[in-house]
Structures are given as structure tokens and as C-alpha cells.
């Protein structure tokens, strides 16, 4: 049996352009890459990292703390030379996982290339997972008629309340929760901000926040293993 392969689709953005044009320093959220990566590796899965343009990704300094920073140090070689997102075929990996951080709001949320890849993987029954701000990366996936491919799907993501508590809701050009709802998502959140919350609808797996990254990856491992991957 071949080893299950996971593609981490990681933002290459180093900043998020706020509503007034200010550049807010960010990147990917370290915990949301480190914890799922470790979970998949411990399950025997093969992993790879891809970014727009193959640019080495930047961790958000606000989240670069132990133990995540130490784990990511061990991935230095993998992170230094990521695959080029625009060159990846939909059948190249068994599933994809998009970590959050505010970076995806800057690039992946507008990436036509990932939209095409996500559609191809989804139509082939290959699971797509995204956590925190990562679900914004699903927005460019469009059906032939231009509608959002995941219209009507149950999803979660970083909530408006969490964004407000983080301190950026008032200066954001748009909010992940709002944009997903505007595109037809059936959106839900945990009873309390920052609590774990994951949602699975068909082959789309989403997690609300950093606390949800590990549970989301573990659920994927369980489901992929059960289906014989």
C-alpha cells in the first residue's frame, strides 16, 4: 500500500495589507503548520510544502514560540525549498492542508492557481483541509458558472469575535467569516472563542483556530486510514 501524501499549501506572504494600506507583518501561524505536520508524520504520511511561486514561507513572529519554533527548525530544509504551487497537478497528492495566519488573506485567498488545484482535488475525492484563516484559500475555487464551489458547505474558520479579540477586526479590509458567509458557506463556531471546533462536510475539513489544528489533522488521519490510504 502506498504511503498517503499530504500537501501543505502555505502562504508566502510576509504581510497583510490593512484597510488603510498599512502593512501588518504576518506570515503563516507556526502552530498550525507544526502540529498537523507532526501529526501526519507520526501517522506515517509523506509530507511536502508548496507556496505561491515556491517562495520560502515566513512564520508570523507573534506565534513563533516553543515548542512550535523548535519543531519548525527541524523542517528548515523542507521550508527553504518549497514546491511551486502553480505547478502542482491535482492528482499529485492524496490531500491538502492549508495552515492559517493572516498571510493567506493576502495571497492564497486570491490565488487562481490554488482555486484550480482545490477544485481538481475535490472533484477527484481528495480531501481539502484548512484551519483558522486557511479556509480563505478555498474562496478562489469556482464552479463553471462562477459560483463558489463550496456554496452550501458547512465550514468554520477564524471568527469575527476572535479577530476582534486579536485586535485587527477594525482595521481589516475584510474578515474570513464574513467572506465565507457571503459566498454561501453554512458557517459555525465554537461556543467560546478560541475553543477547539472542527467541521467536516464531504471531503472538506475546516478548523476554527490554532486549538483546532491538531484535532483537524487527527480527524483526517482517522478518515484517510479508514478509507485505506
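The values are calculated or read from the model by the stated rules, or taken from the named source; none is laboratory data. If you're wondering where the values come from, they're calculated on a predicted model, not measured in any experiment. Reconstructed Cβ throughout: ideal geometry from the backbone, glycine too, with neighbour counts over all protein chains shown.
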Q | Selection count, the stretch 211-229, where residues are surrounded by fewer than 15 Cβ atoms within 10 Å (Cβ to Cβ) and more than 14 Å from residue 36 (Cα to Cα) | A | 4
Q) touching a residue at least 40 places away in the same chain (Cβ under 8 Å), out of contact with any strand residue (DSSP E or B) (no Cβ under 6 Å at 6 or more places or on another chain) and either farther than 21 Å from residue 208 by Cβ or in a strand (DSSP E or B) (or both), is that true of residue 129? A) no
Q: State yes or no: is residue 149 under 20 Å from residue 106 (Cα atoms), at pLDDT 95 or above and touching a strand residue (DSSP E or B) at 6+ places or on another chain (Cβ under 8 Å)?
A: no
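Listed here are the residues, each with its yes/no results for (1) in a loop (DSSP other than H, G, I, E, B); (2) at negative phi; (3) at pLDDT 95 or above; (4) touching a strand residue (DSSP E or B) at 6+ places or on another chain (Cβ under 9 Å).
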residue: 184; (1), (2), (3), (4): yes, no, yes, yes
residue: 192; (1), (2), (3), (4): yes, yes, yes, no
residue: 199; (1), (2), (3), (4): no, yes, yes, yes
residue: 213; (1), (2), (3), (4): no, yes, yes, yes
residue: 219; (1), (2), (3), (4): no, yes, yes, yes
residue: 224; (1), (2), (3), (4): no, yes, yes, yes
Q | Condition check for residue 173: surrounded by fewer than 19 Cβ atoms within 10 Å (Cβ to Cβ), touching a helix residue (DSSP H, G or I) at 6+ places or on another chain (Cβ under 9 Å), assigned to a loop (DSSP other than H, G, I, E, B) and touching a residue at least 40 places away in the same chain (Cβ under 8 Å) | A | yes
Q.
Just checking: which of the helices (runs of 4 or more DSSP H) contained wholly in the stretch 1-95 hold 2 or more residues that are on the phi > 0 side of the Ramachandran plot, modelled with pLDDT of 95 or more and surrounded by 21 or more Cβ atoms within 10 Å (Cβ to Cβ)?
A. none
